[in-house]
């Protein structure tokens, strides 16, 4: 019945879980009530969307682990009819926009696997791993989540850039604290702090300047290229525009964000293959960005 809790949380409703499990919504409710009675704890908050309680998160984690073990057992026993292993991964937007997808595609060539990518800031992806929402995560957290292994991926570099027209309008005499307080910037979302770190390095209180929020990596880069504000971009998204002269760097400091791959400690050839492909792709991409 643990898979019922995972389905309710993943789908966000009892009706969605019923469709996924191919049973009636009343059967979903009955299974959940029976498990809650057995465990003695409420497992799901009946909200919209539904979400796991602290006890429910433990059950979801176990359900995902059982699913991995069940898939690997089917493979080892040579069962011809089996579902592909479903692997939810918590990822940050910049990795998703630049190097991650080719790494995952390579895994699908040799393994029966489907991916669900849960996009979140790299400072918050570890929480999705801890809650059971993900089997693995790209994260800035170097300390292992309980039951997980950690592999360094390298560091993403970010440079402050803006269009020539923006610089002419807002920074005509160069970068300084006075002009940076008035110059519009672009944040990914309200938890994005890399622009704030750059402002602090120039002696500017980061809450002062006006800002736009553009919460998608490619759209964020497009907003910078359109001149809506200055922003921090990784070289993979900025280099071509800088070479073409449509973006210019605002100067140092360039900032780096160390990234790590965390995944649950489950003996699984599929998870091992995913880690190998992701780590190789990340290190190649991040090393190339520094050349």
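The values are calculated or read from the model by the stated rules, or taken from the named source; none is laboratory data. Quick caveat, the model's predicted, so the values are computed rather than measured. Neighbour counts are summed over all protein chains in view; Cβ atoms, including those assigned to glycine, are modelled from backbone coordinates with ideal geometry.
Right, residue 155: in contact (Cβ under 8 Å) with a residue 40 or more places away in the chain and outside any loop (DSSP other than H, G, I, E, B) or not? Considered against the rule, which asks whether it is in contact (Cβ under 8 Å) with a residue 40 or more places away in the chain and outside any loop (DSSP other than H, G, I, E, B), residue 155 comes out as yes. Take residue 214 and tell me if it is closer than 30 Å to residue 75 by Cβ and in contact with a strand residue (DSSP E or B) (Cβ under 8 Å, 6 or more places away or on another chain). Answer is no for this residue.
Within the range 105-119, the set of residues being assigned to a loop (DSSP other than H, G, I, E, B) and in contact (Cβ under 8 Å) with a residue 12 or more places away in the chain comprises 110, 111, 112.
Among the residues of the range 222-251, those identified as part of a loop (DSSP other than H, G, I, E, B) and over 20 Å from residue 121 (Cα atoms) are 226, 227, 228, 229, 245, 246, 247, 250, 251.
Residues that are assigned to a loop (DSSP other than H, G, I, E, B) and in contact with a helix residue (DSSP H, G or I) (Cβ under 9 Å, 6 or more places away or on another chain) within the range 132-142 comprise 132, 133, 134, 135, 140, 141, listed in sequence order. Criterion applied to 226, 247 was being buried (at least 18 other Cβ atoms within 10 Å of the Cβ) and farther than 20 Å from residue 99 by Cβ, and the one residue passing it is 247.
Can you go through 101, 96, 129 and tell me which one is outside the structural domain of residue 43 (by TED's automatic domain parsing), buried (at least 16 other Cβ atoms within 10 Å of the Cβ), assigned to a helix (DSSP H, G or I) and out of contact with any helix residue (DSSP H, G or I) (no Cβ under 7 Å at 6 or more places or on another chain)?
Values: 101 fails: buried (at least 16 other Cβ atoms within 10 Å of the Cβ); 96 fails: out of contact with any helix residue (DSSP H, G or I) (no Cβ under 7 Å at 6 or more places or on another chain).
Only one candidate passes the filter, namely 129.
For the range 1-39, a residue qualifies if it is at positive phi and loosely packed, with under 14 Cβ neighbours inside 10 Å, and exactly one does: 22.
Please find, among 42, 58, 87, 75, the residue that is modelled with pLDDT of 85 or more, surrounded by fewer than 20 Cβ atoms within 10 Å (Cβ to Cβ) and more than 18 Å from residue 18 (Cβ to Cβ). Step through it out loud before you land on a result.
Working: 58 fails: modelled with pLDDT of 85 or more; 87 fails: surrounded by fewer than 20 Cβ atoms within 10 Å (Cβ to Cβ); 75 fails: modelled with pLDDT of 85 or more.
Of 42, 58, 87, 75, the one residue that is modelled with pLDDT of 85 or more, surrounded by fewer than 20 Cβ atoms within 10 Å (Cβ to Cβ) and more than 18 Å from residue 18 (Cβ to Cβ) is 42.
Taken together, the residues in the range 199-221 that are over 20 Å from residue 171 (Cα atoms) and assigned to a helix (DSSP H, G or I) amount to 4. If a residue counts only when it is under 16 Å from residue 62 (Cβ atoms), which helices (runs of 4 or more DSSP H) contained entirely in the range 1-49 have at least 1 such residues? Counting at least 1 such residues, we get 2-11, 25-39.
For the condition under 10 Å from the mean Cα position of the chain (by Cα), touching a residue at least 12 places away in the same chain (Cβ under 8 Å) and not in a strand (DSSP E or B), residue 122 qualifies.
Of everything in the range 252-291 that's part of a loop (DSSP other than H, G, I, E, B) and surrounded by fewer than 14 Cβ atoms within 10 Å (Cβ to Cβ), which residue is modelled with the lowest pLDDT? Please lay out each step first, then the result.
Step one: filter the range 252-291 for residues part of a loop (DSSP other than H, G, I, E, B), giving 252-254, 265-268, 290-291.
Going one step further and asking which of them are surrounded by fewer than 14 Cβ atoms within 10 Å (Cβ to Cβ), we end up with 252-253, 265, 267, 290-291.
Values: 252: 91, 253: 92, 265: 89, 267: 82, 290: 57, 291: 54.
Result: 291.
In this structure, residue 50 does not qualify as under 28 Å from the mean Cα position of the chain (by Cα), within 30 Å of residue 141 (Cα to Cα) and surrounded by fewer than 17 Cβ atoms within 10 Å (Cβ to Cβ).
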